[in-house]
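Visitor: What follows is a single structure, and I will ask about it in a moment.
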Amino acid sequence: MSSRGWALGYLGGGILLALNFVLLTVMSDHTELAVRISLLSAGVWWAVFTIIPVRGVRARPPVNPVGGQSAEPGGLLQASFGQLWVTLKDLRRYPVTLTFLVAYLFYNDGIQTVIYAASVYGEKELGFEKSTVLLAFLVVQFVGIGGALLFGRLARGRGAYRVILVGLFVWLAVVVAGWLTPDENLVLFLALAIAIGVVLGGTQALSRSFYSQLIPRGREAEYFSLYQACERGTSWIGTLVFGLVHQWTDSYRPALLALMVLFVIGIGFLLRLDPRRGIEEAGNPLPRVV
């Protein structure tokens, strides 16, 4: 389900990005206005597709709701941070879940930074035009559809845990290949975009699926809130590493290569955890394959 969701997300993002690409091409003499329209289109896109969950998702009665009309001023804020603290303390009862979250902090930040740095690297280091870099992003978006579905299919037979590990080793290969790519070599640059598209959606989708097996049933909201907080809380580490290495070396190549550290640390923590033990500690039934 998670893989299908990510695939549909890449389809929607790819369609809008393609439309914006056409707009920028047609309005090449009015680039600033085209960019403004593209930003506006993203807001309209969100608004239109938000109607689907608002109208279609079945509402469920809340369990243990926080706050309300009778809450004291500031009570909701205090309760929110209080609940976060309770969840963090409770997390000690699930050491495998904690280990996975630490691994996810690092390797997901590596993924996000590679995506962020790809445009800068392609334009500043490899010497491609902005239109070529945008084309590469289009390739990533549409290949990501198949990548997410492929990883989901592989996870059925091999287990999400193993497929995530394989995906992270592919990410390491992608970083090394990007470091070795010669300037203005369009074929290799697009090949990298294809490789990124294959593993991007798959690793992100399966990470969410695997994490859902490591959290206690009935407490999904608080644990997925923690998952999102962890994702955003360390999103600066990769960009800091990339920026500092570039500043020290005056080159984007070693800056890109330095991002391997994030993947290596993430893989190291993943290899330390026992997925079966984590699922059993959370009180969830073991799937056919882990």
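The values are calculated or read from the model by the stated rules, or taken from the named source; none is laboratory data. Keep in mind that what you see is a predicted model, and the values were worked out from it rather than measured. Methodologically, a virtual Cβ is constructed for each residue, glycine included, from the backbone with ideal geometry; neighbour enumeration extends over all protein chains shown.
Visitor: Filter the range 100-144 for residues that are basic (Lys, Arg) and touching an Asp or Glu at 6+ places or on another chain (Cβ under 8 Å) and give the result.
Guide: The one that is basic (Lys, Arg) and touching an Asp or Glu at 6+ places or on another chain (Cβ under 8 Å): LYS130.
Visitor: Search the range 270-290 for residues being buried (at least 19 other Cβ atoms within 10 Å of the Cβ) and in a helix (DSSP H, G or I), and hand back the single one that is modelled with the highest pLDDT.
Guide: Here the answer is LEU270.
Visitor: Got at least one residue in the range 228-242 being crowded, with 16+ Cβ neighbours inside 10 Å, in contact with a Gly (Cβ under 8 Å, 6 or more places away or on another chain), in contact (Cβ under 8 Å) with a residue 24 or more places away in the chain and of a type in the set (A, V, I, L, M)?
Guide: For the range 228-242, residues crowded, with 16+ Cβ neighbours inside 10 Å, in contact with a Gly (Cβ under 8 Å, 6 or more places away or on another chain), in contact (Cβ under 8 Å) with a residue 24 or more places away in the chain and of a type in the set (A, V, I, L, M): absent.
Visitor: A further question follows. Whether any residue in the range 147-164 is under 17 Å from LEU257 (Cβ atoms), in contact with a Phe, Trp or Tyr (Cβ under 9 Å, 6 or more places away or on another chain), touching a residue at least 40 places away in the same chain (Cβ under 8 Å) and not β-branched (Val, Ile, Thr) is what I want to check.
Guide: Pass one, the range 147-164, residues under 17 Å from LEU257 (Cβ atoms): none.
No: the range 147-164 contains no residue that is under 17 Å from LEU257 (Cβ atoms), in contact with a Phe, Trp or Tyr (Cβ under 9 Å, 6 or more places away or on another chain), touching a residue at least 40 places away in the same chain (Cβ under 8 Å) and not β-branched (Val, Ile, Thr).
Visitor: Keeping to the range 228-263, report how many residues are at pLDDT 85 or above and within 17 Å of the chain's Cα centre (by Cα).
Guide: If we filter the range 228-263 for residues that are at pLDDT 85 or above, which is where we start, we get 237-263.
Remaining after also requiring within 17 Å of the chain's Cα centre (by Cα): 237-239, 259-260, 262-263.
Total meeting the criteria: 7.
Visitor: State whether one or more residues within the range 189-204 are closer than 14 Å to LEU256 by Cβ, over 18 Å from the mean Cα position of the chain (by Cα) and assigned to a helix (DSSP H, G or I).
Guide: Yes: one or more hits.
Visitor: Considering (1) among the hydrophobic types (A, V, I, L, M, F, W, C); (2) touching a Ser or Thr at 6+ places or on another chain (Cβ under 9 Å); (3) closer than 26 Å to ALA18 by Cβ, say which one ILE164 fails and leave the rest.
Guide: Tallying (1) among the hydrophobic types (A, V, I, L, M, F, W, C); (2) touching a Ser or Thr at 6+ places or on another chain (Cβ under 9 Å); (3) closer than 26 Å to ALA18 by Cβ, ILE164 fails exactly one: (3).
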